[in-house]
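K.L.:
Have a look at this one before I ask anything.
The values are calculated or read from the model by the stated rules, or taken from the named source; none is laboratory data. Computed from a predicted model, the values in this text were never measured in an experiment. Cβ atoms come from the backbone with ideal geometry, glycine included; neighbour counts cover every protein chain shown.
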Amino acid sequence: MKLGNKVLDETRDKVREHVGSARDVSAAQARSWHYRDLTHETGAPDVAGDLVAFPVTGTDPRLYYPGADHHVHELAYYQGGWHHRDITAAAGARVVRRGRLAGFAMNGTEPRVYHDDYDDHVHELAYRQGRWHDRDLTAEAGAPASSIAAIAAFQATSTDPRVYYMNYDGHVGEFSHWQQGWHHRDLTADVGVPDAALFALVAFTAGGADSRVYHLDRDGHVHELSYWQGRWHHRDLVRDIGAPAADGNLLAGFTVGGPDSRIYYMDTAEHVRELSYWQGRWHHRDLTEDVGAVRPESAGLAGFPMGSGGDARVYSKGTYTGHIYEYAYYDGGWHYQDVTDSADAPTWGGGGTIEAFLVAGSDPRVYYYDNTNINELASYVDAPSEPPGPQTRTVRLQRQIIWEGFVPYLGQFPAFGIVSPGRLVGIEVPRIGLVDRTVLFVKAGRSTAECNNPAAVVALDEGESSTPDQIRDIFGQPQPRFSSGQPLSFLACVGTAGDLPDWLDIEITVRFD
């Protein structure tokens, strides 16, 4: 069995009801930025192309990039730590040609990664049913081979992805999945749009299944291809609203508050510019001037919506300073900070793309590479000091929807709120009355569909505690780490002689840093 995004969201919502006071506690704590070198930490191969990153289950980051071997590599955070995997090898897939990637998490849980191969075909690497799969979209859609200069992807409906690419002829193409098959069209030719240039492409969904695609032409004009009322429309935003032209090949974009687009680029004065759609029309503003920011030429732009309203976060990677800068919209205005200084992070010495997204509903994550190493800047509320020595905490596991087989339970620590980072050192299933219940904790890399397989689970009866080897089997390491922004997930099945409860409490022993 696999747990859907809706189930995971409902689980987190219900868990938060039991720890609602954590929000009040966190509001009084100081939020700060933290730095880590993920390549050094995981021993993963060096970066040799674009980086794409997004969260799964709303909390766990996934990063994908091509290595020098032309394989797509994954850095995944789960069960309290970072892990590396060669997903090209795992899927038996074709190697990457130009190192340009796009991706997202399907229904928030299953990663999808897109790239081109040496035959100029676009491929999908999809994680489902517990393993990676490769598909040749160009072959399936009967599309012509095309040399990819830029690529973007997103989920349009609960089942259908959209992939947009720009080729070296300046045409924007679409691979769309619907009616259980892949389809292709040349949007530039079909809609009559000027050729794209500078290899900058942004695409996302606005207001449901409607696509928005943005690119630059040779004059630095931002063009929009928008799908609504059953057909594609085109407009030159720079010309239509009198905005300054772009300089360079940087574009970032997303929607806020539902259907309203936000597009960011660099102008000829090396200022970050915003094109924003609200109240039925487009507007533009100079963010760099508004906040009195420094004006280094940027080597990267990324951003995301903050919450369900109109707040936004935009991150710029300064070429000459080697710093990451944040433009944040909140309380009705734009604010600015040097994130590198805030995190006491080293300056970066070179390299390409920057990625940013939100985890746990409130904590920004920024990823970039410095020459060949991937770095993380993470913002979260600093935890209060904890007493020394081992501490006992209760984790509430919620019963999940079951289609067949064993009943799965899911919970995490911390469920919400702020704790000091630390390590898990023990798990106990409390005894309540007779010993009539066994909790089957799913081992790392296995699923609840295998709960009837003793090799896939760690079984603890009521009143029984785990050993270090059993924790290693569950989490892949004997003392997995946790923090407020990167909680530990507990996935289990339950065998019992009686009725199954909606909530099941387990006790864990932790040691805080």
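K.L.:
Of all the residues that make up segment 340-356, how many are surrounded by fewer than 20 Cβ atoms within 10 Å (Cβ to Cβ) and either of a type outside the set (Asp, Glu) or part of a strand (DSSP E or B) (or both)? Spell out how you get there, then give the answer.
P.N.:
At the first step, the residues of segment 340-356 found to be surrounded by fewer than 20 Cβ atoms within 10 Å (Cβ to Cβ) are 341-342, 344, 346-347, 349-352.
When the remaining residues are screened for being either of a type outside the set (Asp, Glu) or part of a strand (DSSP E or B) (or both), the result is 342, 346-347, 349-352.
Final tally of qualifying residues: 7.
K.L.:
Restricting to segment 414-430, what's the tally of residues that are of a type in the set (A, V, I, L, M, F, W, C) and either in a strand (DSSP E or B) or free of Cβ contacts under 8 Å to residues at least 12 places away in the same chain (or both)? I'd like the intermediate steps shown before the answer.
P.N.:
If we filter segment 414-430 for residues that are of a type in the set (A, V, I, L, M, F, W, C), which is where we start, we get 415-416, 418-419, 424-425, 427, 429.
When the remaining residues are screened for being either in a strand (DSSP E or B) or free of Cβ contacts under 8 Å to residues at least 12 places away in the same chain (or both), the result is 424-425, 427.
Total meeting the criteria: 3.
Each row is one residue, and each column tells you yes or no for (1) farther than 24 Å from Gln400 by Cα; (2) outside any loop (DSSP other than H, G, I, E, B); (3) under 27 Å from the mean Cα position of the chain (by Cα).
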position	(1), (2), (3)
Gln412	no, yes, yes
Ile432	no, no, no
Gly463	no, no, no
Gln470	no, yes, no
Ser484	no, no, yes
Ser489	no, yes, yes
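K.L.:
Among the listed residues Ala143, Ala126, Ala150, which satisfies the condition of being in contact with a Leu (Cβ under 6 Å, 6 or more places away or on another chain), modelled with pLDDT of 95 or more and not in a helix (DSSP H, G or I)?
P.N.:
Numbers: Ala143 fails: in contact with a Leu (Cβ under 6 Å, 6 or more places away or on another chain); Ala126 fails: in contact with a Leu (Cβ under 6 Å, 6 or more places away or on another chain).
After ruling out the rest, the residue left standing is Ala150.
K.L.:
In the list Val442, Val429, which residue meets the criterion of being of a type outside the set (Lys, Arg) and touching an Asp or Glu at 6+ places or on another chain (Cβ under 7 Å)? It would help to see each step written out before you state the result.
P.N.:
Numbers: Val442 fails: touching an Asp or Glu at 6+ places or on another chain (Cβ under 7 Å).
Selected residue: Val429, the only one of Val442, Val429 that is of a type outside the set (Lys, Arg) and touching an Asp or Glu at 6+ places or on another chain (Cβ under 7 Å).
K.L.:
I've got another one for you. Could you grab me the full set of residues in segment 52-67 that are aliphatic (A, V, I, L, M) and at pLDDT below 95? Let's see the steps before the verdict.
P.N.:
Taking segment 52-67 first, the residues aliphatic (A, V, I, L, M) are 52-53, 56, 63.
Of everything in segment 52-67, just one residue is aliphatic (A, V, I, L, M) and at pLDDT below 95, namely Val56.
K.L.:
Okay, moving on. Search segment 240-280 for residues being in a strand (DSSP E or B) and in contact with a helix residue (DSSP H, G or I) (Cβ under 8 Å, 6 or more places away or on another chain), and hand back the single one that is surrounded by the fewest Cβ atoms within 10 Å (Cβ to Cβ).
P.N.:
Among them, the one singled out is Leu275.
K.L.:
Considering only residues of segment 434-454 that are within 26 Å of the chain's Cα centre (by Cα) and aliphatic (A, V, I, L, M), which is surrounded by the most Cβ atoms within 10 Å (Cβ to Cβ)?
P.N.:
Val442
K.L.:
On to the next question. Listed residues Leu216, Leu301; which is within 25 Å of the chain's Cα centre (by Cα) and either over 28 Å from Gln337 (Cα atoms) or modelled with pLDDT of 90 or more (or both)?
P.N.:
Values: Leu216 fails: within 25 Å of the chain's Cα centre (by Cα).
Answer to the selection: Leu301.
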